[in-house]
Each structure stands twice: as structure tokens, then as C-alpha cells.
Amino acid sequence: ATTLGALVLLIVAGAAVWVGSGPWAMRIWNLALVVLLAVLVGFALAAWREVRREPPPEDVDVVPAGQKIPYSWYHDDPPDVRLEREIAAKQARLQAEQRELEAMREELEKKRREEGGYNEG
């Protein structure tokens, strides 16, 4: 009812602009807006009738069991979970680099022992 009232009010206002004095550009722009409003109200009324005829299911807002609800459009998890995951990945990389460094040190010491010691200068 309020939508129809708004439509009637805007059509009357548009007609008042056409009857009164005003530049042609404003009148044409007003006509375009009134026509657009009429089309959109027509779509709204058609959608309202369709929803009244075939209402959505009662459990339309129920999330199925096991369905993960994402944190946002961009990330599935909240920032603290993402930070924890990033820290764990960096720690794993650091540990791998430390193991590689220890292996390189052991190899260097073994090579120096085979050559007969350190050449300290």
C-alpha cells in the first residue's frame, strides 16, 4: 500500500512539473524517472505476488549441518586463525632452514677435519 501511495505521489509530482513551467531538459529527465519508478514498482508488485503465491520454505535460513560459514567474502577464517596458521608456516620454514644450516655446518666441519684441521691465519 505504501509503495502504491509513493508511486501515485511521484506520478502526481511528475505531472505537476509538466503542467508548471520548467526547462524541457528537466521535464524529460522527470519523465524518465517517473517511467523508471513505474517499471520498478511493477517488478516489485510482481515479485510480491509471486512470494505470496509460492512462499519460501520455513527453514530457508537454517544452515545445514557440517556447513562452514565463512568469516567474510575474502577469507574463510577470522584474522587470529589466519595469523596462527601463518606463524605455524613460518616456524616450519624456520625449522627446515635451521636443519639445513646444521647439516651444512656438520659437512663443513667434517671436510675441515678430513683436510687436517683449521687453517687459522
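Data table
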{"read-out": "Selection within the range 71-91 - surrounded by fewer than 10 Cβ atoms within 10 Å (Cβ to Cβ) and either assigned to a loop (DSSP other than H, G, I, E, B) or over 30 Å from the mean Cα position of the chain (by Cα) (or both)", "value": "72, 73, 74"}
{"read-out": "From the options 81, 62, 51, residue that is of a type in the set (Val, Ile, Thr) and within 30 Å of residue 10 (Cβ to Cβ)", "value": "51"}
{"read-out": "Meets criteria (modelled with pLDDT of 90 or more and loosely packed, with under 10 Cβ neighbours inside 10 Å) for residue 52", "value": "yes"}
{"read-out": "Residue identified as in a helix (DSSP H, G or I), surrounded by 10 or more Cβ atoms within 10 Å (Cβ to Cβ) and modelled with pLDDT of 80 or more among 4, 40, 10", "value": "40"}
{"read-out": "Selection from the range 44-59 of residues that are among the charged types (D, E, K, R) and not in a loop (DSSP other than H, G, I, E, B)", "value": "49, 50, 52, 53"}
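The values are calculated or read from the model by the stated rules, or taken from the named source; none is laboratory data. Bear in mind the structure is a predicted one, so any value in this text is a computation, not a measurement. Cβ sites come from the backbone with ideal geometry, for glycine too, and all protein chains shown count toward neighbours.
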